[in-house]
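Structure first, commentary second.
The values are calculated or read from the model by the stated rules, or taken from the named source; none is laboratory data. None of these values were measured; they are calculated from a predicted model. Cβ atoms come from the backbone with ideal geometry, glycine included; neighbour counts cover every protein chain shown.
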């Protein structure tokens, strides 16, 4: 079983974590077309590579964002949601 | 004793090759199929046999049938939930039933009967829904009670050790298992014989699109000109669609399976339990072939996990308590291309000449013949075949999802 | 003749503890410590099994679980590996896969049929005529399979343990011992495992035990080193997670680094009749002699292709075996001192020769030896016969590398020493000893120490690892130990009865890459998973393809190293089950339970039959008073300055306008606009809400809430009260009479309006009360601390006794809510239903600024394809009654399904809900296809069916739609 590093709780076995899908900023619903919105809702960039994802440490309910290589199943880094937001704002 | 066996006594010479190794890639083909799995080879076979299109290259990055075709648990059935699904898979079952004859190759198509166990009232409702839809389309499918299950599978513990006793099941008599590799080889041999070129160890690195139209395919062995490209690559779909510049809802999750050491036959039917997340059948070699639910997180890898096989073993003992001393010999995984509505994505796309056959999740093997056949028709006519119209990529733009998800939490 | 040798130091058997067991009906003796194979050989029994396909006699081959020649059946187990399973007193064993016993096996004729059954024959026959295939398949199924399982066997489960260490060392041979000791002496917590009963590995098979004894003495003095014998490291999983299979059960070991010192599998040569009992690996003969005191043969020929062969010859001679000859595939002069040593020991050496075939009827009696030509082919004209009852092969090795492969090691083929060796190891994984291509004994010890140094550096426990001694400069494995014979029977895979010609034929038919070859021929797919077969298969394919071995490659190594029993994998049975505080009361009062997620809920209360009980429970609520345990609903408290905004964004209705002390229905959709949950939202303060969820959705919805707080960046906290608070719903016209005396909350119409929420005490316990109406009568939901809930429940039951209060279960509740037309998420909706499909447009406030799913609902508003409608069977309906999920049929097509149905005792009619095509929403009637394909007609009627004005639950506000 893999080990996952939660930025608040520390390193724990994967069985304590829940996967929450890709971390994707939502487009402004009021200014998107129906087509753009449907793509946001259903389409995914499913290609292998480094992705940002939602993960939750289930016993504590701590959600965080992980950068994971979906080819190698390697967590490159994990960060709090606030850090991820800041990163996005600067990035 | 079949005469075919006696013939072997008089000749040690091998049979003709199933597939040839073409000398090299040619400059252009009428159709390029990406993916030499069951679907790709079936499509090539039907393009050649039914439509006379033989100037076709099948490009396979590994070896024939080495992806999900060779990694699934070989179950064939048509007892789906939605009319679209039922019609489509019913056609697949019909094609499967005659495949050995078509190929003159024994694919060990073995109708064993398929029980989907229900452990809750909600599951019983879903079983009835499926049975009613199935019967509407003439599929042999019915809800059966505990006594019927006990008679057919007397060694199973219907109380499951105490919690979640079996309340009933959906029974599908035509449910079958097949020798999966042989399906790919039969299609490959049939396509090869008709002039299709099968290029193994040939990796597609790019798709050339000019003004919304496919013009060629780039590979690690050179560039090919073609106006028609079909992506039939299951777990590699997002990589290939990206080359063509389109996005889809497909994400990849591993699906794991395992087999035990061989034992003398004791299990004749196929048993699936959605609540316990297990499915099992016994192969003609005597191995128990077992699987469970998808891994929860996206992953483009066929690694195995211990948790999977531990959980599966635990649940198997609930159903078959006497299995403690049987040994799990080997585990493996495939990469399932999942869609939000658990139905495939098939047909034409926004890129002219780029066709997609994907979203096969955990139900791709059983669709092999019908996918090949309908995709061949679609490519030959440049129009979506009626059976696959509901599965177009554009359905997501219209919020017109297929409702298969209701029945497919463990959809085997 | 095999026999027991005189007692020697260091042997693993205890001659003071004799045991008895039977094999094939005959009784034999053994000593404690004997394996089944060693004990049978000691009794002179050399044919121990029949092969899988041709039923050829088979004997001990590797004595190391690298073949499956000796598989046995007992009264309680099957596929028992005789080579590595200890004899237990009283064991009753037979060989598997025989018909009528090992000697008289009626399956023997299969061997003569073998020319008819070339590789893949089953793909080419039996399918015509189609109708006969089931017959042939049945024959094949019966013949296939190995041992027999007894479906009456008891359930076996072994407990699991967890282990943690700095370093796991797999294999306790010289390099593994050295690695483990070195690391432990530096302070690391080390686990050392070996599948054998004792440490020492191949050191146990030599006369000179000095090195072994030295290493074991160091091992014994290290408290931070745990040595587990009889333990198989069954696989490698991410982050050094290794299942250890021990006789007591599975240990899930988490290591920080792993050293693989698993050694090698000795490999056979391929020649005619190389499977005859008496033909075996030289390592097997040594192992049997040194560990179990058993001579596998009296007179042996050694087939040699490396220096180990000569050492083995000398070792065996010292043990009393008559070594008839060494047949060396290479030039013996190159063996140097070893050649001189065997010559002075009087052993004849045939240089540049091979064993061309093994001779004997069911047992080895002689070998035919031929000289080799310049291309390494046998020259039949040079044949000479040497009588012997043992042929011992020392022609090469394959690395025991599955763990390395699983960890992601890149292995490359090295011509010297002639095997695959690690080229690039993943972080934290190290290899040493023979698996690493290091063969010299001192070098193996040094390699182990160096690997330990590297592992310690990886663990930041030491810097500057010692230099590796380097791989063997001798060729240890012959590049082509394959000698075709015109009469065949030269086996590559003993498990699968595969001959050289099978692989040649498979390749010629187009299966000419290693994976396809494996799949078509099944090479390496038997119980030993190719341990003795894969390397030769690769060599054969490489030669057929005129390719290098490196370019030919290997098949993917997947778990497990050895097959693992399900009883180990399953572990103890643990089925978490949640029970409400009133569970015991329900049980004591005749409740029949049904699962709801992890919970068990009363379905109804006996002893009356189900239908009768449910009907009585329904009527109690309609006419008197009833009480239901609803503790399983999810319960969440929401606090914070942004609480109101949070609730608005999470749910489809506007919840920010709920007044303090009031409640409102709460419906949740996902981003795609699909209904996923519902509940009731109460407001306690400006910044304080309390909301319920469905039972099965509780966990996921709460988690979703936690996530949305972050995603929306709101100042909100959520607290999951699901387990802390228990809840019960008291309902019926007599509710006030029962509840008022128990509570300080004024329940009067004026003080506590419909949809109100109050805090107070019930039966002396702090309680939250909500006046809600899921069942459509005057009713209050009471939430109290779980620890005091039973007290409150019992107080209500006691207070209600004179009013005929009755507990009711889930089924009665379903019926009651159906009469009111309230839907159940997941039953009346499915995975594609929007609120518009569910006829709940009233619950969607698209004029709110933003909420989850809003944009999708804007799109779906005009497109929803279905509509949930109510229907009622005509009063005089004579025919069969529809059941849930029976189909609605329109123009011979499916146009929907019944989602709920029940007989309403209040209305004296069958009523139900159906999800139908939108076009049918305004139809007067629905055609429903029921059991037996009968079509019946039902009237479409508006909901609620019962008390449409809601007068019974809120007489003061008649007319308003509520939930």
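Points to keep in mind about this one:
- Strands (runs of 3 or more DSSP E) wholly inside the range C:368-483 containing at least 2 residues that are within 14 Å of residue C:261 (Cα to Cα) and within 35 Å of the chain's Cα centre (by Cα): C:397-399, C:419-424, C:429-431
- Scanning the range B:265-290 for residues that are under 21 Å from residue B:150 (Cα atoms), within 12 Å of chain C (Cβ to nearest Cβ) and not in a strand (DSSP E or B) yields B:265, B:266, B:267, B:268, B:275, B:276.
- So residue B:229, is it more than 30 Å from residue B:113 (Cα to Cα) and either crowded, with 22+ Cβ neighbours inside 10 Å or not assigned by TED's automatic domain parsing to the domain that holds residue B:53 (or both): yes
- Yes/no for residue B:328 being farther than 23 Å from residue B:149 by Cβ, at the interface with another protein chain (Cβ under 7 Å from one of its Cβ atoms) and assigned to a strand (DSSP E or B): yes
- Residues in the range C:550-608 that are at pLDDT 95 or above, at the interface with chain B (Cβ under 10 Å from one of its Cβ atoms) and not in a loop (DSSP other than H, G, I, E, B): C:564, C:565, C:566, C:567, C:568, C:569, C:570, C:603.
- A single entry from C:675, C:669 fulfils the requirement of being within 14 Å of chain A (Cβ to nearest Cβ), under 26 Å from residue C:810 (Cα atoms) and at pLDDT 95 or above: C:669.
- Test for residue A:58: is it within 14 Å of chain B (Cβ to nearest Cβ) and under 16 Å from residue C:706 (Cα atoms): yes
- The residues listed here are C:875, C:896; of these, the one that is under 44 Å from the mean Cα position of the chain (by Cα) and without any contact (Cβ under 8 Å) to a residue 40 or more places away in the chain is C:896.
- Enumeration of residues in the range C:914-928 that are under 11 Å from residue C:890 (Cβ atoms) and either within 13 Å of another protein chain (Cβ to nearest Cβ) or surrounded by 14 or more Cβ atoms within 10 Å (Cβ to Cβ) (or both): C:916, C:917, C:920, C:923, C:926, C:927, C:928
For every residue, the table says whether it meets (1) closer than 19 Å to residue C:652 by Cα; (2) in contact with a strand residue (DSSP E or B) (Cβ under 6 Å, 6 or more places away or on another chain); (3) assigned by TED's automatic domain parsing to the domain that holds residue C:638; (4) surrounded by fewer than 23 Cβ atoms within 10 Å (Cβ to Cβ).
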{"position": "C:685", "(1), (2), (3), (4)": "no, no, yes, yes"}
{"position": "C:694", "(1), (2), (3), (4)": "yes, yes, yes, yes"}
{"position": "C:699", "(1), (2), (3), (4)": "no, no, yes, yes"}
{"position": "C:707", "(1), (2), (3), (4)": "yes, yes, yes, yes"}
{"position": "C:715", "(1), (2), (3), (4)": "no, no, yes, yes"}
{"position": "C:729", "(1), (2), (3), (4)": "no, yes, no, no"}
{"position": "C:737", "(1), (2), (3), (4)": "no, no, no, yes"}
{"position": "C:740", "(1), (2), (3), (4)": "no, no, no, yes"}
{"position": "C:758", "(1), (2), (3), (4)": "no, yes, no, yes"}
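- Residue C:51 being surrounded by fewer than 21 Cβ atoms within 10 Å (Cβ to Cβ) and out of contact with any helix residue (DSSP H, G or I) (no Cβ under 6 Å at 6 or more places or on another chain): no
- Residues satisfying the stated conditions in the range A:29-39, i.e. within 8 Å of chain C (Cβ to nearest Cβ), assigned to a helix (DSSP H, G or I) and surrounded by fewer than 20 Cβ atoms within 10 Å (Cβ to Cβ): A:34
- Those helices (runs of 4 or more DSSP H) lying entirely in the range C:697-810 with at least 3 residues at pLDDT 95 or above and closer than 30 Å to residue C:831 by Cβ: C:698-712
- Count of residues meeting criterion [within 9 Å of chain A (Cβ to nearest Cβ) and farther than 26 Å from residue C:788 by Cα] in the range C:706-723: 6
- Residue that is surrounded by the fewest Cβ atoms within 10 Å (Cβ to Cβ) [pool: residues in the range C:868-906 that are part of a strand (DSSP E or B) and out of contact with any strand residue (DSSP E or B) (no Cβ under 6 Å at 6 or more places or on another chain)]: C:893
- Options C:300, C:289: the member that is in a strand (DSSP E or B) and touching a helix residue (DSSP H, G or I) at 6+ places or on another chain (Cβ under 9 Å): C:300
- Restricting attention to the range B:176-205, the residues being within 14 Å of another protein chain (Cβ to nearest Cβ) and on the phi > 0 side of the Ramachandran plot number 1.
- Test for residue B:57: is it surrounded by 24 or more Cβ atoms within 10 Å (Cβ to Cβ) and either under 15 Å from the mean Cα position of the chain (by Cα) or closer than 15 Å to residue B:180 by Cα (or both): no
- Any hit, the range C:843-850, residues being in contact with a strand residue (DSSP E or B) (Cβ under 6 Å, 6 or more places away or on another chain) and either at pLDDT below 95 or buried (at least 18 other Cβ atoms within 10 Å of the Cβ) (or both): yes
- Options C:68, C:38, C:74, C:29; residue that is under 31 Å from the mean Cα position of the chain (by Cα) and within 26 Å of residue C:298 (Cα to Cα): C:68
- Those residues of the range C:619-648 which are within 14 Å of chain A (Cβ to nearest Cβ) and either surrounded by fewer than 21 Cβ atoms within 10 Å (Cβ to Cβ) or modelled with pLDDT under 95 (or both), in sequence order: C:637
- Taking the range C:499-529 as the range and being more than 9 Å from chain B (Cβ to nearest Cβ) and farther than 20 Å from residue C:553 by Cα as the test, only C:499 passes.
- Looking across the range C:517-538, the residues that are in contact with a strand residue (DSSP E or B) (Cβ under 9 Å, 6 or more places away or on another chain) and under 14 Å from residue C:507 (Cα atoms) come down to C:521, C:522, C:523, C:537, C:538.
- Whichever residue in the range C:854-865 is within 9 Å of another protein chain (Cβ to nearest Cβ) and closer than 18 Å to residue A:40 by Cα and, among such residues, is surrounded by the fewest Cβ atoms within 10 Å (Cβ to Cβ): C:858
- Checking the stated criteria, residue B:347 turns out to be without any contact (Cβ under 8 Å) to a residue 60 or more places away in the chain, part of a strand (DSSP E or B), in contact with a helix residue (DSSP H, G or I) (Cβ under 8 Å, 6 or more places away or on another chain) and more than 8 Å from every other protein chain (Cβ to nearest Cβ).
- Matching residues, the range C:151-170, being out of contact with any helix residue (DSSP H, G or I) (no Cβ under 6 Å at 6 or more places or on another chain) and free of Cβ contacts under 8 Å to residues at least 24 places away in the same chain: C:152, C:154
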